[in-house]
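Working notes, structure below.
Computed from the coordinates by the stated procedures, all read-outs in this text should not be read as laboratory data. Owing to the predicted nature of the structure, the values given are computational and were not obtained by experimental measurement. As a convention, Cβ positions derive from the backbone with ideal geometry for all residues, glycine included, and neighbour counts pool all protein chains shown.
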């Protein structure tokens with residue numbers, strides 16, 4: 001789909017450069033509109049809505065953040081990308097905080113950067129709209145639900161309350177809650193200690209549900225209270241949220257179900273989860289159809305058996321009375337059975353107390369949700385992760401992963417052995433220059449580029465490193481860049497092979513070769529002197545015997561001496 005672009009810029013040179021860049025950008029751009037001041041931009045926006053707006057903050061009729069604020073307040077649905085010079089970067093960042101989608105430095109603009117900014121800005125704007133819509137829906141849901149919803153901070157002061165809670169709390173205490181008020185101060189004395197204990201458990205990190213009966217001004221009501229700690233980004237608990245639901249009808253239904261054993265059994269037989277009734281002694285009294293089908297046992301093979309004895313021998317609850325723990329822990333417990341065929345069947349079990357006619361706990365209803373497939377998948381994933389970790393730690397080469405920011409993200413055991421550094425020395429810090437030269441890092445990034453690439457060729461270098469204790473070592477390194485799913489470069493993976501011994505051997509060999517060459521040169525040079533004397537004496541001997549034929553011995557001496565002279569010259 002062709003996109004409409006509005007460029008708000010007063011510099012003709014910048015306009016021309018930007019239009020050329022847009023022409024080379026890999027984006028479907030159908031129309032480029034230009035406004036040279038704020039008023040022209042507003043007039044253009046009144047006529048038609050662009051898909052994205054590129055905005056210079058400094059215009060003849062407006063300057064700074066006010067330029068963005070005027071456009072954003074009038075047309076908040078349009079994604080805006082700020083165009084800025086070096087001195088304006090802080091203002092551009094402030095504009096992003098106020099709702100802009102992105103900013104581009106004018107000196108760094110490229111067609112690829114513009115294309116990416118268009119895509120990302122539109123996506124961010126779409127996500128922003130979805131979040132606003134989702135928040136509005138959540139606020140409406142909280143306000144219109146029949147449940148009482150509220151939250152307090154760590155000092156018990158209200159930070160969230162809905163309409164239903166205000167009405168219910170006023171019926172309970174005679175006071176209407178207000179944001180910022182302290183809840184403990186408004187509670188009746190009969191509930192202060194009970195609610196303080198619930199608050200304490202939540203601040204200790206527990207997430208649980210409790211059921212109780214409260215005395216309102218109109219009547220008594222059964223309430224189910226869900227309690228959840230509120231955690232900050234650093235996982236620190238700084239408050240508690242509460243969801244209170246009226247369960248009068250559920251309690252009446254439970255009483256009717258308990259009176260009708262046939263209806264109760266029919267309900268258990270038709271649900272799609274395994275259900276088992278265990279008495280206070282831990283003996284199985286009933287198992288429904290789903291549980292029997294899953295485990296392969298007959299009901300008669302289960303009835304009267306101790307529940308803990310039915311678990312697999314490797315299960316931590318084997319032979320124990322698990323009922324008490326299930327009733328004390330609101331969270332499900334994972335157990336594993338050995339089915340009649342010998343296969344292991346995993347369940348997530350939750351216990352619900354069952355009351356007899358006198359209101360006493362007469363046993364526990366155990367709800368079993370089969371999670372065998374989930375456990376098998378988890379085991380497979382753990383094995384693959386362990387295999388991968390073992391591969392990295394046992395490989396003969398040192399392995400180092402450097403993020404695009406230059407920070408070390410991973411180093412294996414062999415790398416630490418080669419360099420003498422520890423994980424604490426490296427992880428999350430800039431890669432030390434003595435282990436990987438910064439110039440080489442930038443060279444690799446420059447050659448690889450930031451655009452999507454189908455292949456990432458590995459680069460090989462021999463470098464000299466300095467270990468943590470200043471020992472020099474030679475390493476052969478292989479560098480490969482890594483990219484995310486969009487093809488953007490994310491870092492470099494480097495393998496280190498210690499070649500110090502090889503380099504030392506090469507140096508010794510070179511030294512030996514130099515010494516051999518010197519020896520040969522000196523030896524041949526020293527032999528040349530006596531040989532030259534011999535040749536000279538032969539010539540004198542031949543001159544003395546001129547006119548007579550040379551003896552064979554003299555000729556043989558001369559030939560041998562000349563041959564030796566040629567050999568020395570070759571050396």
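Please determine, in degrees from 0 to 90 and to the nearest 10, the orientation of helix 372-394 with respect to the longest principal axis defined by the Cα atoms of the chain, where the helix direction is its Cα long axis.
With rounding to tens, the tilt is 20 degrees.
Pulled fully out, how much extra length does the chain show between residue 219 and residue 380, if you take 0.36 nm times their separation in residues and subtract their Cα-Cα distance? The partial results should precede the final answer.
On the way: separation 161, 0.36 × 161 = 57.96 nm, distance 5.53 nm.
52.4 nm is the gain from fully extending residue 219 to residue 380.
Applying a 10 Å radius around every beta-carbon, put 298-311, 499-512 in order of their mean neighbour count, most first.
Listed from highest to lowest mean packing, they are 298-311, 499-512.
Return, for the Cα atoms of the stretch 281-425, the radius of gyration and Dmax in Å, separated by a comma.
Rg and Dmax of the stretch 281-425, Cα atoms, are 23.8, 74 Å.
If I fit a long axis through the Cα atoms of helix 38-47 and take the longest principal axis of the Cα atoms of the chain, what angle between them do I get, 0 to 90°, rounded to 10?
60
Sort 374-387, 152-165, 179-192 by the packing proxy (mean of other Cβ within 10 Å over each peptide's residues), most packed first.
Values: 374-387: 11.1, 152-165: 17.1, 179-192: 13.3.
Descending mean neighbour count gives 152-165, 179-192, 374-387.
What translational diffusion coefficient, to the nearest whole µm²/s, does the stretch 145-251 have by Stokes-Einstein, given a Kirkwood radius computed over alpha-carbon pairs, a temperature of 20 °C and 1.002 mPa s viscosity?
Reported coefficient: 152 µm²/s.
Any chance you could tell me what percent of the C-alpha pair distances in the stretch 395-498 go past 16 Å?
Value for the stretch 395-498: 54 percent of Cα pairs lie more than 16 Å apart.
Restricting to the stretch 343-440, compute how many DSSP beta bridges are antiparallel as a %, nearest 5.
Working: 13 of 14 bridges.
So the antiparallel bridges amount to about 95 percent of the total.
Starting from the Cα of residue 467, step 7 Å along the direction of its Cβ; do the same at residue 506; then give the gap between the two resulting points in nm.
So the two model labels end up 2.0 nm from each other.
Could you give the nm distance between label points at residue 532 and residue 358, where each point is 7 Å from its Cα heading toward the beta carbon?
Label at residue 532, label at residue 358, 13.1 nm between them.
Can you tell me what percent of all Cα-Cα pairs in the stretch 510-570 are more than 18 Å apart?
Summing the P(r) of the stretch 510-570 above 18 Å gives 48 percent of all pairs.
Quick one: helix 65-74 against the long Cα principal axis of the chain, what's the angle to the nearest 10°, folded into 0 to 90?
That helix lies at roughly 50 degrees to the long axis.
When DSSP assigns beta bridges and you keep just the ones with both residues in the chain, what percent turn out antiparallel, to the nearest 5?
On the way: 80 of 99 bridges.
Around 80 percent antiparallel, to the nearest 5.
Could you tell me the extents of the stretch 466-571's C-alpha atoms along the three principal axes, largest first, rounded to whole Å?
Extents along the principal axes: 98, 36, 15 Å.
Give the Kirkwood hydrodynamic radius (Å, one decimal) of the chain, defined as one over the mean of 1/r across all pairs of different Cα atoms. Don't jump to the answer; show the numbers that get you there.
Numbers: mean 1/r = 0.0294 Å⁻¹.
Roughly 34.1 Å, rounded to one decimal.
Semi-axes of the stretch 3-140's equivalent ellipsoid from the Cα gyration tensor, sqrt of 5 times each eigenvalue, largest first, rounded to whole Å?
With the √(5λ) rule applied to the stretch 3-140, the semi-axes are 23, 17, 15 Å.
Along the Cα-to-Cβ line of residue 110, 7 Å from the Cα, sits a label point; which residues in the stretch 5-23 have backbone N less than 17 Å from it?
Of the residues in the stretch 5-23, 18, 20-23 have backbone N under 17 Å from the label point off residue 110.
If each residue of separation counts as 0.36 nm, what is the full-extension length gain between residue 298 and residue 519 once their alpha-carbon separation is subtracted?
Taking 0.36 nm per residue and subtracting the Cα distance, the gain is 69.9 nm.
At a Förster distance of 22 Å, what's the computed FRET efficiency of residue 175 paired with residue 210, Cβ-Cβ distance as r, to 0.05?
Once rounded, the FRET efficiency stands at 0.45.
Label-point separation (nm) for residue 167 and residue 543, each offset 7 Å from Cα along Cα-to-Cβ?
Simple spin-label model gives 14.0 nm for this pair.
Highest mean first, how do 526-538, 114-126 rank when packing is the count of other Cβ atoms within 10 Å averaged over residues? If you can, show how the numbers build up before the last one.
Numbers: 526-538: 12.8, 114-126: 17.4.
Going from most to least packed, we get 114-126, 526-538.
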